[in-house]
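Worksheet for the structure shown next.
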Amino acid sequence: MLHSWDAAAVRAAEEPLLTAGVPLMARASFGLAAHVARALRDRRGRVGGARAVLLVGSGNNGGDTLHAGALLARRGVAVTAVLASGRVHGDGLAALRAAHGRVLTLDDACERHGVAAPVAAAVAAADVVLDGLLGIGGRGGVRGAGARLVDLVAAADPRPLVVAVDLPSGVGVDDGTRTGAVLDADLTVTFGGHKPALLLPPASAAAGRVELVDIGLRLTGAPAVARLEDHDVVALWPVPGRDVHKYGRGVLGVVTGSGHYPGAAVLSVAGALRTGVGMVRYRGSAGAQVLAAHPEVVEGDGRVQAWVVGSGVAPDDAEQRSRARDALAHGSRHDEPVVVDAGALDLLPERVPPHVILTPHAGELAALLAARGERVERADVEAGPLAHARRAHELTGATVLLKGSTTVVVGPHGATYAQADGPAWLATAGAGDVLGGVLGALLAGRASDAVADPALPAALAAAAALVHGRAAHRANPGGPVTASDVAAALPAVVGALVRA
Ligand SMILES: NC(=O)C1=CN([C@@H]2O[C@H](COP(=O)(O)OP(=O)(O)OC[C@H]3O[C@@H](n4cnc5c(N)ncnc54)[C@H](OP(=O)(O)O)[C@@H]3O)[C@@H](O)[C@H]2O)[C@@H](O)CC1
Ligand SMILES: Nc1ncnc2c1ncn2[C@@H]1O[C@H](COP(=O)(O)OP(=O)(O)O)[C@@H](O)[C@H]1O
Ligand SMILES: [K+]
């Protein structure tokens, strides 16, 4: 599992070490310089003779950058530091000067566009730019001269390699928001532990590849945001024991699809069956289509361990909505986990337990919050997925899985995941229906655990997102997929995971 730590946790871990005189900045800048040197060697064959520009802010992030610049200068890199503030890290600046680095300030002979000619020339000639304007001390987007520097580098043609120091400057460290100018990095070299912004959308898209430098911090307690990896999913998976029978594996009740959208029912059932479940019971108006596609499905009422409701349930299908409402009420009352998707999101009661899992996309989450009196539109959710998923969890009690290129999951006790497993090809109609089925199958297999441990549904939701994303890759590596292709690839993905 990849863990990330918010700014306060990082500062708390740094403090005793700084008090004890541990040279954290030296460790950080040494690691940073090593990664930059490696990237230069990969790009141009050698380090010596390369040209580097440092964007230097007023804090310790700028200090790391100046010290790393000094180390690079001693390896034969021509280093130019551009100071975005009149006040920068003194030792770092002295180290760079001692290594014969060049120092410019943005105020030097400012031109029409507000950027000094020597600065523009240095950026235009740079092989690599180190973004050291702001680190975990940043508040809001980059302001002042730093913002002009970000614009200058972003417009450079050819584009230099951009390395973010600790994290891309100006992103919301703890919430992953992006306000104002942010320089998209090819590589982020982060210190001590990942920061939430490196995992959370939309900021995570600016980070590029992330390398962690161990500076000896002891980060303990619950991480702010986690990301499951393959072996975590194996540990969560309901692998059937030798003597199990189909009811013991779990029965999933599915109330999806409608006269308008029978395909959603076929796809959600496909997702569940191909993930592995003891039985699917289907209730609804698309029974004929479901059975034609999946003869193993049982139609009608009967005991189930978990439910999937809402995918493809049209607003004017009163009967199917009423079945979804009943399933939701039954599941909440009788300790049967329920996945609530699309057309059932507006049927959610005021408060539900965390084994009720909502699976909206950004538009649906905005509508759900707006219906509860929040002034929210889709764009707000996209700009701050974590905050809005968290708000929906607080307001409803449900576990919330917010779909997107990075899927964010929020449950009780701070359980928070950000999964970025699928290719952009996965953004296709019906893919969400398949995901609902995957999650339903997992919940049916672990129903009693998911009720007993309120944080488990969030972990299972993150696992479903991982498997769903992997299936999209496997269905057609590097190319387009249909939702049906994704479902078809699930058994092989699950098999590979649990055999590993
Ligand atoms: N502690 C350690 O030993 C270690 C720390 N490490 C490194 O230190 C980094 C954290 O350093 P930091 O705390 O100095 O904060 P940092 O992010 O550099 O910036 C703060 C400065 O920026 C300014 N400022 C704020 N917002 C702004 C904005 N929007 N636009 C413009 N300016 C803005 C703010 O000014 P003020 O608001 O106070 O006027 C303040 O001066 C961390 O990310 C890691 O790289 C590593 O070396 C490991 C050891
Ligand atoms: N850009 C993207 N990259 C990767 N996955 C994506 C991207 N956009 C959407 N997805 C995923 O595709 C699925 C789309 O689901 P959804 O919007 O509910 O579609 P539908 O309602 O048509 O089934 C979700 O699992 C989502 O996380
Ligand atoms: K930075």
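One residue is enough: does region 408-418 have a residue meeting the conditions modelled with pLDDT of 95 or more and near ligand 2 (Cβ under 9 Å from one of its atoms)? No, the conditions are met nowhere in region 408-418.
Each residue in region 148-171 was checked for being part of a loop (DSSP other than H, G, I, E, B), modelled with pLDDT of 95 or more and surrounded by 24 or more Cβ atoms within 10 Å (Cβ to Cβ), and 4 of them qualify. No other residue among ALA68, ALA52 is part of a strand (DSSP E or B) and of a type outside the set (Phe, Trp, Tyr) apart from ALA52. Please go through region 172-184 and pick out each residue that is at positive phi and surrounded by fewer than 21 Cβ atoms within 10 Å (Cβ to Cβ). If the condition is that a residue be at positive phi and surrounded by fewer than 21 Cβ atoms within 10 Å (Cβ to Cβ), then GLY180 is the only one that fits. In region 13-32, the residues that are farther than 12 Å from GLY63 by Cα form Cβ pairs under 6 Å with partners that are among the charged types (D, E, K, R) and not in a helix (DSSP H, G or I), at six or more places apart or across chains, as follows: ALA13/ARG218.
The residues of region 71-86 that are outside any strand (DSSP E or B) and either modelled with pLDDT of 95 or more or farther than 18 Å from VAL119 by Cβ (or both), listed by number, are LEU71, LEU72, ALA73, ARG74, ARG75, GLY76, VAL77. For region 74-85, a residue qualifies if it is more than 36 Å from the chain's Cα centre (by Cα) and of a type outside the set (D, E, K, R), and the qualifying residues are GLY76, ALA78. Between VAL308, VAL269, the distinction of being in the same structural domain as LEU435 (by TED's automatic domain parsing) and in contact with a Leu (Cβ under 7 Å, 6 or more places away or on another chain) belongs to VAL308 only.
Among the residues in region 310-317, are any of a type in the set (A, V, I, L, M) and crowded, with 24+ Cβ neighbours inside 10 Å? Within region 310-317, one or more residues are of a type in the set (A, V, I, L, M) and crowded, with 24+ Cβ neighbours inside 10 Å. Scanning region 128-185 for residues that are within 13 Å of ligand 1 (Cβ to nearest atom) and acidic (Asp, Glu) turns up ASP131, ASP166, ASP174.
Could you tell me whether ARG390 is charged (D, E, K, R), surrounded by fewer than 24 Cβ atoms within 10 Å (Cβ to Cβ) and over 22 Å from VAL313 (Cα atoms)? First the steps, then the outcome.
Details: charged (D, E, K, R): yes; surrounded by fewer than 24 Cβ atoms within 10 Å (Cβ to Cβ): yes; over 22 Å from VAL313 (Cα atoms): yes.
Spelling it out, ARG390 is indeed charged (D, E, K, R), surrounded by fewer than 24 Cβ atoms within 10 Å (Cβ to Cβ) and over 22 Å from VAL313 (Cα atoms).
Of all residues in region 177-187, those satisfying the criterion of being assigned to a loop (DSSP other than H, G, I, E, B), at pLDDT 95 or above and touching a Lys or Arg at 6+ places or on another chain (Cβ under 9 Å) are ALA185, ASP186.
Listed by first and then second residue, the pairs linking a residue in region 133-161 that is at positive phi to a residue that is assigned to a loop (DSSP other than H, G, I, E, B) and away from ligand 2 (no atom under 16 Å from the Cβ), with Cβ atoms under 8 Å apart and 6 or more places separating them unless they lie on different chains, are GLY140/GLY170; GLY140/THR179; GLY140/GLY180; GLY144/ALA84; GLY144/SER85. If I filter region 25-41 for residues that are outside any helix (DSSP H, G or I), assigned by TED's automatic domain parsing to the domain that holds VAL129, crowded, with 19+ Cβ neighbours inside 10 Å and in contact with a Gly (Cβ under 7 Å, 6 or more places away or on another chain), do I get at least one hit? Scanning region 25-41, I find no residue that is outside any helix (DSSP H, G or I), assigned by TED's automatic domain parsing to the domain that holds VAL129, crowded, with 19+ Cβ neighbours inside 10 Å and in contact with a Gly (Cβ under 7 Å, 6 or more places away or on another chain), so the answer is no.
The values are calculated or read from the model by the stated rules, or taken from the named source; none is laboratory data. Note that the structure is a prediction, hence the values are computed from the model and not measured. Here Cβ is always computed from backbone atoms with ideal geometry, including for glycine, and neighbour counts include all displayed protein chains.
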